[in-house]
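The values are calculated or read from the model by the stated rules, or taken from the named source; none is laboratory data. Predicted model only: the values in this text are computed from it and were never measured. Methodologically, a virtual Cβ is constructed for each residue, glycine included, from the backbone with ideal geometry; neighbour enumeration extends over all protein chains shown. Accessible surface is based on the protein model in full, side chains and every heavy atom, while ligands, DNA and RNA are left aside. Shrake-Rupley method; radii C 1.70, N 1.55, O 1.52, S 1.80 Å.
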Amino acid sequence: MVRIGIVGVSYRHATAADVARFAFAKAELASRLPELRAALGGAEVLYLATCNRVEVIFVRPDGPAADLRPQVFKALLGREPRNGEAVAALRAWTGEAAIEHLFLVACGLDSAQTGEQEIYVQLRAAWQSAREAGTTGPLLDRMVSEALGMARDAHRLESHHAPSLADLAAERVAAHAAGTVAGTAAGLAAGALQRAVGGESRRVAAERVGGRHGYVALVGVSPMTRRCGARLAERGLPLLVVNRTIDTAEELAESLAGGVGAAGVAEPAGGAGAAGAVGLGGARAISLESFRREPPPGCAALVCATGASEPVLDRAALDRLAGGSRGAPTRRPLILDLGLPPNVDPEVARAVGLERLGMDDLVSAAREERIAHLLRLAPVRAAIDERLGRLRSELAARAIGPQLAQLREEFERIAAAEVERLLKGDLSDLDEAQRARLTEWAGMLAHRLAHLPLSGMRAAAEHASSEATEAFFREARLKRRIDPP
């Protein structure tokens, strides 16, 4: 337990921009993980990045974990920290505090939206990436497995729907869309009528499209866009899934399609083939490149959550989105940017006249209900404490297991040596059967005598320092040694 440590930055003490500084690009993760392991002296390493945290979880190859903030700072940013930068920017946990923090993170108790469950998926994906890169090991694997198991237990303990930042984003988007003036665009209704299926009349199809709201674009396929899309689909809002890989976009669009009736996303001139959009019921899919080049008209809002290392929508694309609403009876698109780093440059959005809300805005909104959620999750906190206690005892006993075995062997060796001395001296006249019984009795006695100190050491191991237990075993083995006759 003492070998594990965590170094990271999160919404707790940093802005979204500060967190983004330490994030790897997703495409670089496979190559950067081995470099990170080397920078930390060969430690087992896992890198976790979410929309509001970046943390490095590590296990030292030998000896207790230390505060490795300077090493992590350099590994993530590529330069030495200056004037205490690492200590100011990063937080560190070691030993049991690190394991407790990992459990709290996995269960959503350290999330900006307390109790959210997306972090479970993100931690599991980070673990898988580390295993594929070969940077994990037995102890780190065990700790992450324990944390994920604790998270599954926590989800069963929760009495009702767990909130998420994606839920807050969906509420904000729905409120914005509800403010859109009825009759968004004639082309929107016309495009939907062309895609009406199942023998519906034009009138019924038109009523289903409604023209009351524009569509919501989900840019990127991630746990955040999946959940946000599900919430918006439940409200009946038309959705457009935008992704670099169209197959991935189609998969998400298909899973969301049942939440809305007819599709409500207009095709650009030239049809779906020209723009790369694929109709899938209440949600549609389009490639990122096509969306950049020619976004369908009638966009009410965008929810962006990709792993890109730079903005995925440049000024030209945002200008087209803003221009598509000029002169139309609708509000301009709202941008909910959940990317880390940002998927939309705040200054560029402001320059083209689009409102952008980022992670800092959502985190600020979530803080207002944090205390209430923590009280609701009190049983989860109690369960974490209980599991930490069991794990502490188990790991402490396992850590000294080899030494306990050696100590037992030392008792048995001493008893065997004493019996052999007796059989060569005062008891030399015993026959073979008597000798065997005496030897067996001595071994049993040694085993029973060893039980008391061994049990005591197991109980004390979780509270005593490693130096104290080492001193005990060292003295027990050396001072009680009996030279053979």
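Kindly establish whether Glu96 is touching a helix residue (DSSP H, G or I) at 6+ places or on another chain (Cβ under 8 Å), more than 25 Å from Met224 (Cβ to Cβ) and without any contact (Cβ under 8 Å) to a residue 12 or more places away in the chain.
On the way: touching a helix residue (DSSP H, G or I) at 6+ places or on another chain (Cβ under 8 Å): yes; more than 25 Å from Met224 (Cβ to Cβ): yes; without any contact (Cβ under 8 Å) to a residue 12 or more places away in the chain: no.
Against the criterion (touching a helix residue (DSSP H, G or I) at 6+ places or on another chain (Cβ under 8 Å), more than 25 Å from Met224 (Cβ to Cβ) and without any contact (Cβ under 8 Å) to a residue 12 or more places away in the chain), Glu96 does not qualify.
Contact list please: Cβ distance under 8 Å, first residue in the range 213-242 and in contact (Cβ under 8 Å) with a residue 24 or more places away in the chain, second residue among the aromatic types (Phe, Trp, Tyr), pairs at least six apart or on different chains.
Ala217/Phe291; Val219/Phe291; Leu237/Tyr215; Pro238/Tyr215; Leu239/Tyr215; Leu240/Tyr215; Leu240/Phe291; Val242/Phe291
State all residues of the range 417-439 that are free of Cβ contacts under 8 Å to residues at least 24 places away in the same chain and part of a helix (DSSP H, G or I); if no residue qualifies, say none.
Going residue by residue through the range 417-439, those that are free of Cβ contacts under 8 Å to residues at least 24 places away in the same chain are 419, 422-423, 425-439.
Selection gives Val419, Leu422, Leu423, Glu432, Ala433, Gln434, Arg435, Ala436, Arg437, Leu438, Thr439.
Whether any residue in the range 154-162 is closer than 19 Å to Ala366 by Cβ, assigned to a loop (DSSP other than H, G, I, E, B), touching a Gly at 6+ places or on another chain (Cβ under 6 Å) and at pLDDT below 85 is what I want to check.
Yes, the range 154-162 contains a residue that is closer than 19 Å to Ala366 by Cβ, assigned to a loop (DSSP other than H, G, I, E, B), touching a Gly at 6+ places or on another chain (Cβ under 6 Å) and at pLDDT below 85.
Taking only pairs six or more apart or across chains, which ones have beta-carbon atoms under 6 Å, a first residue in the range 292-311 that is closer than 13 Å to Leu338 by Cα, and a second residue that is hydroxyl-bearing (Ser, Thr, Tyr) and in a loop (DSSP other than H, G, I, E, B)?
The qualifying pairs are Ala305/Ser222.
Is there a residue in the range 372-385 that is open to solvent by 30 Å² or more (accessible area, probe 1.4 Å), under 15 Å from Glu116 (Cβ atoms), in contact with a helix residue (DSSP H, G or I) (Cβ under 7 Å, 6 or more places away or on another chain) and at pLDDT below 90?
For the range 372-385, residues open to solvent by 30 Å² or more (accessible area, probe 1.4 Å), under 15 Å from Glu116 (Cβ atoms), in contact with a helix residue (DSSP H, G or I) (Cβ under 7 Å, 6 or more places away or on another chain) and at pLDDT below 90: absent.
Give me the pairs: first residue in the range 124-147 and under 16 Å from Lys26 (Cβ atoms), second residue among the small types (Gly, Ala, Ser) and open to solvent by 40 Å² or more (accessible area, probe 1.4 Å), beta-carbon distance under 8 Å, and six or more apart or on different chains, which are they?
That search, which allows pairs on different chains as well, returns Ala126/Ala49; Ser129/Ala30; Glu132/Ala30; Ala133/Ala30.
Quick check: is even one residue across the range 26-36 of a type in the set (Lys, Arg), in a strand (DSSP E or B) and either at pLDDT 95 or above or in contact with a strand residue (DSSP E or B) (Cβ under 8 Å, 6 or more places away or on another chain) (or both)?
First, pick out the residues of the range 26-36 that are of a type in the set (Lys, Arg): 26, 32.
Next, from what is left, pick out any that are in a strand (DSSP E or B): none.
No, the range 26-36 contains no residue that is of a type in the set (Lys, Arg), in a strand (DSSP E or B) and either at pLDDT 95 or above or in contact with a strand residue (DSSP E or B) (Cβ under 8 Å, 6 or more places away or on another chain) (or both).
Looking for something open to solvent by 10 Å² or more (accessible area, probe 1.4 Å) and modelled with pLDDT of 90 or more - is there at least one such residue anywhere in the range 264-287?
yes
Got a sec? Which of Arg421, Arg398, Arg413, Arg435 is modelled with pLDDT under 80 and open to solvent by 40 Å² or more (accessible area, probe 1.4 Å)? Steps first, answer last, please.
Values: Arg421 fails: modelled with pLDDT under 80; Arg413 fails: modelled with pLDDT under 80; Arg435 fails: modelled with pLDDT under 80.
The unique qualifying residue is Arg398.
Looking at (1) of a type outside the set (A, V, I, L, M); (2) assigned to a helix (DSSP H, G or I); (3) closer than 18 Å to Ile99 by Cβ, which is the one condition that is false for Gly5?
The one condition Gly5 does not meet is (2).
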